[in-house]
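Visitor: Got a structure for you, written out below as C-alpha cells; questions coming shortly.
The values are calculated or read from the model by the stated rules, or taken from the named source; none is laboratory data. Not measured: the values here are computed from a predicted model. Using ideal geometry, Cβ is built from the backbone for each residue, glycine included, and neighbour counts are taken over all protein chains shown. To get the accessible areas, we keep the full protein, side chains included, count just its heavy atoms, and leave off ligands, DNA and RNA. Shrake-Rupley method; radii C 1.70, N 1.55, O 1.52, S 1.80 Å.
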Amino acid sequence: MRKIAVILLFLCASLVPVPAQETDANLVDAVTLYTNGQNKKARQLLNTLSIAQPSNDAVWYYLSLSALKDRDVEAATEACGKAVALDSSNYWYRYMEARLSLLQNMPEEAIARYESLVKSFPDQNTTWYELLDLYLKEQKYEKALGALDEIEKLRGLSEEVVRTRYDVYTAMGKQDEGARLLEQFNEQYAFPSVLSMLGDYYLADFKDSLALTRYEEALSLDSAYLPAVLGKSEVYRHMRRYPDYFKTLNPFFSSQDVQASTKSMYIGNLTRSLDPRILEIHRAGFDSLALKAAAAHPSDSTMLSTVGTYFYATGREKEAGEWFRKSADLFPDSFMQAATYIQYLQLQSRWEELRQRADDGYRRFGQLAFLDYANLASYNLEDWDSIIGTSQMLLKAFPKDKDICLNAWTQLGDAYHSKGDSKSSFKAYEKALKINPNYAPVLNNYAYYLSVEGKQLKKAYNMSKKTVEQEPDNATYLDTFAWILHLMGKDLEAKPFFKHAMLYGGKESAVILRHYATVLEALGEADTAKIYRNQAKRLDDAGKQ
C-alpha cells in the first residue's frame, strides 16, 4: 500500500526555540553543546539543570532530545513526559511524546496521543499525515478515511489523497468504490498515475479494452510512464497480441534510464510464470527483450546473471553458461557471481573447470563451501589424492573447529577407501566418530565397508543400527543394515528392511536391488528375486548408455 504520510526525522534542537522566559545562560550553553554534536556534555549539563530547575519544561524537553540521541528511549520518554506535564500547550513537547510511543512499539498509545494532538492543533499538516500512516499500518481503515477527509480540508483535493483513498478502499474490499472515485477525479484532473491505476483495476477485472484505453491515456500525458508501459504490455499479453507486446516493451528494455534491477525483476518473473510453450513459440521476441536489457546494462552483474538464468530456463544451457561465465569474469570480486557460475558448472558436470573455479573461489573469498565444490569435482574425477590433500589442509588450518574437522575426517575416510587404503580409511572414520559418535554418514560408510570386507560384523551391525534409528526411511542406511543382517545369517530379519527401502528410493539403486535379490534367493523366493535382478540389470544398462 502506498504511504501518503512522510515520516520525519526527530526534530533537532535548532528547530525548537527555547521559551524566552527560560533562556538562562546554562540552558543556552546546554542547547549549544547539543546542536554542536557534543551530546555527552549537553546531557550531563541538562541532568544537572533538571535537578536545579525541576519546573523548567524546556530543560526536560532538551534532556529528552539528548537522551534520544544516545538511544536511551526510556530516559527520553520520562523526560518528555515531565515537559508535557509542565506545559501541555506546547506542540513540540506533545509531538515528541507521540513519536516516542512509536519508538517503544506502542502503536495504540501513539494513536491516542496523535489523535489528542490533532484535536489541540488541527492545522498541523505533519501530524495528520503521520496519524494517517499509523492508521494504515494498524489497518484502521475507517479512521484512515477520516484522516484523509481532514487532510483534504487542509490542503485540498490532490492526486496523492485520491490514490491513497483508493488503496484504503482496496484494502477494505471496496475496490469498485475506489475505482469510481478515481474515475470522478480523472474527469477533472488528468494524471498518469491515476489513469494507470485505473488500467490496473480494469485489467484485473478482465476488461482488457478499457484497461488499454486508460493506459494509452496515461502514456499520452507521459510517454515514458513505466507503470502504464508495463500495464499496456500486459493487456497485449492477455490478448495474445505478442507483436504489440514486444513493440511496447522494446523501448523499456532498451532504455538506459530504466533501472537494471527493474528489468531483471521483470525478466525473472517472466521466466518463472510464463507457459513454456508461449516462451518457445515467441522465443525470438523474448530473446530480444533479454538481449536488449543486457546491451543497455553491459556492466550490471545482476542483469548478466538474469539473462543467463533466462537462457538456462528456456533450455539453452550452453548459452546460459556463457552469460554466467561473463558475469563471473567481469566481476571477480563478486562472491555471488563466482558461486552462480560454479553451481552451473556442477549442474553441467564440467568437473575440471569446476575444480579450477572452486579452488580460485576459495583463495579469493575464503569460503569453505568452495572447497566442498572442489572436492566434489575431485571425487568425480577420481582424484583421491586431491581430496586427501584438501582435507589434511583443513585439519591443520582449523584444528579446533569440530564441524570442519568432522567433515574433513569423513572426506579422508571416503577418499582413502576409494583409493584402496582401508586401514587409513578406518582410522579416519574413528577420528570422525570421536568428534561425533552418532554421525550417520560415517557410521553407515564405516559399517558397510567393514561388511564388504567381512570384518567385525558385530561392530558394523551396531553402527548401522544407529543410522536406521536416526533415519528410518533412508534407503541407503536400510540397505547397509539389511545387508549386514544377511551376512550374519539373518535373512528373515533383513527382508522387512529391504521391503521398506523399496518404498523410499531403493528401486533406483542397482546395488540395493541386487542385495535384496540375494536375500530373497536365500529365503527360497527365486522368482521374486529374478524380478529384482532384472531391474538391477536394466539400471546398469541404462547407466552405460
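Visitor: If a residue counts only when it is without any contact (Cβ under 8 Å) to a residue 12 or more places away in the chain, which helices (runs of 4 or more DSSP H) contained entirely in region 103-183 have at least 3 such residues?
Guide: Hits in region 103-183: 107-120, 141-155.
Visitor: Give the number of residues within region 170-186 that are buried (at least 16 other Cβ atoms within 10 Å of the Cβ) and under 18 Å from L131 (Cα atoms).
Guide: 0
Visitor: While we're looking at this one, here's another question. Somewhere in region 281-292, is a residue open to solvent by less than 20 Å² (accessible area, probe 1.4 Å), part of a helix (DSSP H, G or I), touching a His at 6+ places or on another chain (Cβ under 9 Å) and closer than 25 Å to T248 by Cα?
Guide: No, the conditions are met nowhere in region 281-292.
Visitor: Which of (1) more than 24 Å from F426 (Cβ to Cβ); (2) among the hydrophobic types (A, V, I, L, M, F, W, C); (3) in contact (Cβ under 8 Å) with a residue 24 or more places away in the chain; (4) open to solvent by less than 10 Å² (accessible area, probe 1.4 Å) does A522 not meet, given it meets every other one?
Guide: The number of the failed condition is (4).
Visitor: Continuing with the same structure: Before we move on, is T306 of a type in the set (S, T, Y), open to solvent by less than 40 Å² (accessible area, probe 1.4 Å), part of a helix (DSSP H, G or I) and touching a residue at least 40 places away in the same chain (Cβ under 8 Å)?
Guide: yes
Visitor: Going through region 54-78 one residue at a time, which ones are of a type in the set (A, V, I, L, M, F, W, C) and farther than 16 Å from Q44 by Cα?
Guide: Correct list: V73 only.
Visitor: Can you tell me which residue among Y95, Y34, Y61 is within 26 Å of V168 (Cβ to Cβ) and either open to solvent by less than 10 Å² (accessible area, probe 1.4 Å) or assigned to a helix (DSSP H, G or I) (or both)?
Guide: That would be Y95, the only listed residue that is within 26 Å of V168 (Cβ to Cβ) and either open to solvent by less than 10 Å² (accessible area, probe 1.4 Å) or assigned to a helix (DSSP H, G or I) (or both).
Visitor: I've got another one for you. Quick check on my filter: what residues within region 139-151 are under 39 Å from the mean Cα position of the chain (by Cα) and open to solvent by less than 80 Å² (accessible area, probe 1.4 Å)?
Guide: Looking only at region 139-151, we keep the residues that are under 39 Å from the mean Cα position of the chain (by Cα), and these are 139-149, 151.
Those that are under 39 Å from the mean Cα position of the chain (by Cα) and open to solvent by less than 80 Å² (accessible area, probe 1.4 Å): K140, Y141, A144, L145, G146, A147, L148, D149, I151.
Visitor: Given Y201, Y225, Y245, which one is hydroxyl-bearing (S, T, Y), open to solvent by less than 60 Å² (accessible area, probe 1.4 Å) and more than 30 Å from the chain's Cα centre (by Cα)? Even if it seems obvious, please write down each step before you answer.
Guide: On the way: Y201 fails: more than 30 Å from the chain's Cα centre (by Cα); Y225 fails: more than 30 Å from the chain's Cα centre (by Cα).
Result: Y245 is the single residue among Y201, Y225, Y245 that is hydroxyl-bearing (S, T, Y), open to solvent by less than 60 Å² (accessible area, probe 1.4 Å) and more than 30 Å from the chain's Cα centre (by Cα).
Visitor: Please state which one of F311, F365, F335 is crowded, with 18+ Cβ neighbours inside 10 Å and either more than 20 Å from the chain's Cα centre (by Cα) or among the aromatic types (F, W, Y) (or both).
Guide: Exactly one of F311, F365, F335 is crowded, with 18+ Cβ neighbours inside 10 Å and either more than 20 Å from the chain's Cα centre (by Cα) or among the aromatic types (F, W, Y) (or both), namely F311.
Visitor: Shifting gears a bit: Looking only at residues in region 153-164 that are charged (D, E, K, R) and more than 14 Å from N186 (Cα to Cα), which one is modelled with the highest pLDDT?
Guide: K153
Visitor: Please verify whether L210 is within 16 Å of A179 (Cα to Cα), part of a helix (DSSP H, G or I) and either free of Cβ contacts under 8 Å to residues at least 12 places away in the same chain or in contact with a Cys (Cβ under 6 Å, 6 or more places away or on another chain) (or both), treating the condition exactly as stated.
Guide: Yes, satisfied.
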